[in-house]
1. Of everything in segment 10-37 that's surrounded by fewer than 13 Cβ atoms within 10 Å (Cβ to Cβ) and of a type outside the set (A, V, I, L, M), which residue is farthest from residue 54 (Cα to Cα)?
2. Of everything in segment 29-53, what is among the charged types (D, E, K, R) and closer than 18 Å to residue 19 by Cα? Give them in sequence order.
3. Given the criteria touching a strand residue (DSSP E or B) at 6+ places or on another chain (Cβ under 8 Å) and at pLDDT below 95, does residue 127 qualify?
4. Suppose we filter 11, 46, 67, 60 for residues that are more than 20 Å from residue 147 (Cα to Cα) and either touching a helix residue (DSSP H, G or I) at 6+ places or on another chain (Cβ under 7 Å) or modelled with pLDDT of 95 or more (or both); which single one remains?
5. Starting from segment 120-138, keep only residues that are in contact (Cβ under 8 Å) with a residue 60 or more places away in the chain and at negative phi, then list their pairs with residues that are of a type in the set (Asp, Glu) and part of a helix (DSSP H, G or I) whose Cβ atoms are within a distance under 9 Å, requiring at least 6 positions of separation or different chains.
6. Among the residues of segment 136-146, count how many are within 15 Å of residue 91 (Cβ to Cβ) and out of contact with any strand residue (DSSP E or B) (no Cβ under 6 Å at 6 or more places or on another chain).
7. Out of all the residues in segment 12-20, is one or more of a type in the set (A, V, I, L, M, F, W, C), within 22 Å of residue 140 (Cβ to Cβ) and in contact (Cβ under 8 Å) with a residue 12 or more places away in the chain?
8. Quick check on residue 95: is it crowded, with 20+ Cβ neighbours inside 10 Å, in contact with a helix residue (DSSP H, G or I) (Cβ under 9 Å, 6 or more places away or on another chain), within 24 Å of residue 124 (Cα to Cα) and of a type in the set (D, E, K, R)?
Amino acid sequence: MAGLEDLYREIILDHYRNPRNRGELPVPPARRVEGFNPLCGDEVVIYLDVEDGTIADLRIAGQGCSISQSSASMMSAAVKGKTVAEVRELTRAFKAMMSIHEASLGEGDGEGEALAPDPNVPLGDLEALQGVVKFPVRIKCATLSWNTLAQGLDEAEAGAG
């Protein structure tokens, strides 16, 4: 198991040192959404361009710990080019993986219960972040970009400016 943990650590460090999709997109047409974790100071900015129900482009900015920034990079690579429905499904699967430990703490997904994992949604490299569940205080670091993306998708669907 140590070999797998080393591999996961390398994936996380690679995304931290060489973040994917870093930068900005012109607003509009892209949507700019900010996420902030006041407990540790992590911040993420997502520039989201949704066209015809698909993530046409996405860029990330912000600063914070290696977990929050790696998760944002990994998320950006995983969702770019996918439909909004696929992204929402992937978001649920990722948050389910992260909520396994939260359920035992009574935290869950903010509604008091853990999300049920969906084995039919492959997480790929995102599984490298599963070790974060051993450190409950870091779960919010890993999910910050995902919650921010969900907010952006909600705003895009609502047509909010």
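1. Of everything passing the filter in segment 10-37, 10 is farthest from residue 54 (Cα to Cα).
2. 34, 42, 43 - these are the residues of segment 29-53 that are among the charged types (D, E, K, R) and closer than 18 Å to residue 19 by Cα.
3. No; evaluated as a whole, the condition is false for this residue.
4. 11
5. 128/10; 131/5
6. Adding up the residues that qualify gives 4.
7. There is at least one residue in segment 12-20 that is of a type in the set (A, V, I, L, M, F, W, C), within 22 Å of residue 140 (Cβ to Cβ) and in contact (Cβ under 8 Å) with a residue 12 or more places away in the chain.
8. So residue 95 passes the test.
The values are calculated or read from the model by the stated rules, or taken from the named source; none is laboratory data. Keep in mind the model is a prediction, meaning the values are calculated, not measured. Ideal geometry is used to build each Cβ from the backbone, glycine not excepted, and the neighbour counts take in all protein chains shown.
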